[in-house]
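Working notes, structure below.
What follows draws every value from the coordinates through simple rules; no lab data is involved. These numbers were taken from a predicted model, which means no experiment stands behind them. Reconstructed Cβ throughout: ideal geometry from the backbone, glycine too, with neighbour counts over all protein chains shown.
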Amino acid sequence: MLEKLKLPLVGVVVAAISIALVRLGNPANMGFCIACFLRDIAGALGLHGAGPVQYARPEIIGVIIGALIAAMAKREFSSKGGSAPVTRFVLGFSMVIGALIFLGCPLRMALRIAGGDLNALVGLAGFAAGILAGVFFLNKGYSLKRAYDVSKTDAFILPIAALILLVVLLAFSSVLLFSKEGPGSMRAPVWAALAAGIILGGLGFVSRLCFVAGIRDSALFRNYSMLAAFIALIVAGVIGNLVFGSFKLGFEGQPIAHTDGLWNFLGLGLVGLCAVLLGGCPFRQLVLAGSGNSDSVVTVFGMIAGAAFAHNLKMASSAAGVTANGKIGFALALVLVLFIAVYNTFGKKDAEGRA
């Protein structure tokens, strides 16, 4: 019985921590968002010039450290890599393009639903459609080449970089960029945000929490355990928001969101497809990166680059809606992702047949 409750309890903890971060200063319906927070870090490092979204988010640093601690405590820290790194970079890059069109990763989608944002339900429909498209390719034989043991140096680079960023944030913050307004200026105290990230990184590693796995595993294996965590997160989030008076049901006037249903659907549809092809959602990729998987490190770097690219070229959405550049960027990203999916499903079989 306890084993069956483990994943739903993880969902409840994620919801509680996210709501607490909002109460402590993070943006509404954005207690935790991997895509948005990586975007903020890219801004803090000067990789994009969008002033309202620049801050070295301790939550991201915490997830990496928490995953590392949990992996080493369980003696499961493993340095693996070499599985189509360029492809993974492109998929991570494209996944963030979709997330910033929707304005959030799958975790923020769940938190937006829990806050009453009906636009996120439209996004959920797109997310499910993207996942099912990915499942189609999986059923037809999609795969990237296997990972191999790599140098421990590769495995520790991201955790070391995260610790360096934390030191810079605490002791040399003048070298970083900080938002004076907008979402980047809304932040919980550093130590609270860091602690929250460490807890979620550890829980994410131990539970293997993944926001794409609930739908993917339900479709592929009729395994609903991860879906239970997703549902528990939303239910707990609704209850928490009702308790604090921050639940607002509707489409209009939602914090850091737009009401363009088509692009909410398409944006998270691209995220779902990319996540299946990568083998995990943005949160799962970050946890894997912290626990030694250098392929996921490459994916995280792709997400950071995609976030910087999106804001520098005005492809990211805002409360006003989706930009013309965002629509073009989405189309180009989708073409790349479909090429990757089709080639790694059917192209390699043809090549093997000719060989």
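Some points to look at:
- Summary value for the range 10-69: 22 percent relative contact order, contacts being C-alpha pairs under 8 angstrom separated by 6+ residues.
- For the chain, the relative contact order is 36 percent, taking Cα pairs closer than 8 Å that sit 6 or more residues apart in sequence and dividing their mean separation by the residue count.
- Rule-of-thumb Rg ratio for the range 2-344 [Cα; 2.2 N^0.38 Å; N residues]: 0.90
- Within the chain, the cysteines lacking any other cysteine Cβ closer than 4.7 Å to their own Cβ are C105, C210, C274, C281.
- For the range 235-338, taking the reciprocal of the average inverse distance between every pair of different Cα atoms yields a Kirkwood hydrodynamic radius of 15.8 Å.
- Residue-count net charge about A305 - beta-carbon cut-off 14 Å; Lys, Arg +1, Asp, Glu -1: +2
- Secondary-structure-derived ellipticity at 222 nm for the chain, considering helices only, amounts to -22000 deg cm²/dmol, per-run term -39500 (n - 2.57) for DSSP H runs with n ≥ 4.
- Distance in nm between pseudo-label sites at L313 and V167 (7 Å out along the Cβ direction from Cα): 3.6 nm
- Comparing V96, V335, V63 in a Gaussian network model of the chain where C-alpha atoms under 10 Å apart are linked, the largest mean-square fluctuation is found at V335.
- Using a Förster distance of 30 Å, the FRET efficiency for L24-L262 (Cβ separation, nearest 0.05): 0.30
- Taking other C-beta atoms within 10 angstrom as a stand-in for reagent exposure, R23, R284 fall in the order R23, R284, fewest first.
- Sorted by Cβ neighbour density within 10 Å, fewest at the top, the residues R39, R216: R216, R39
- Assuming charge only on the beta carbon of Lys and Arg (+1) and of Asp and Glu (-1), the dipole of the chain about its Cα centre is about 480 debye to the nearest 20.
- Charge tally in the Cβ shell below 10 Å around A188, where Lys, Arg are +1 and Asp, Glu are -1, A188 excluded: +2
- Length available on full extension from F156 to N223: 0.36 nm per residue minus the Cα-Cα distance, which gives 20.8 nm.
- Structural size metrics of the range 85-198, computed from C-alpha coordinates, are Rg and Dmax of 18.7, 52 Å.
- Centre separation in Å (Cα based) which lies between the range 27-66 and the range 156-234: 10 Å
- Ranking P189, G141, A229 by how far each Cα lies toward the positive end of the dipole of the range 113-248 (charges on Cβ) leaves G141 at the top.
- Ordered by the count of other Cβ atoms within 10 Å of each Cβ, fewest first, Y224, Y148, Y55 give Y148, Y224, Y55.
- Inter-label distance for K145 and L242, nm, one decimal - labels placed 7 Å from Cα along Cα-to-Cβ: 5.3 nm
- Out-of-range pairs (alpha-carbon distance over 20 Å; input K74/K152; K248/K314; K6/K152): K248/K314; K6/K152
- Taking Cβ atoms as reference points and 13 Å as the exclusive limit, the residues near A147 contribute a net charge of +1, counting Lys and Arg as +1 and Asp and Glu as -1.
- Between the listed residues S151, A319, L21, the Cα displaced farthest toward the positive end of the dipole of the chain, a dipole computed from Cβ unit charges relative to the Cα centre, is found at S151.
- Structure remark: mean-square fluctuation, Gaussian network model of the chain, C-alpha springs under 10 Å; the largest value among K80, K152, K327 belongs to K152.
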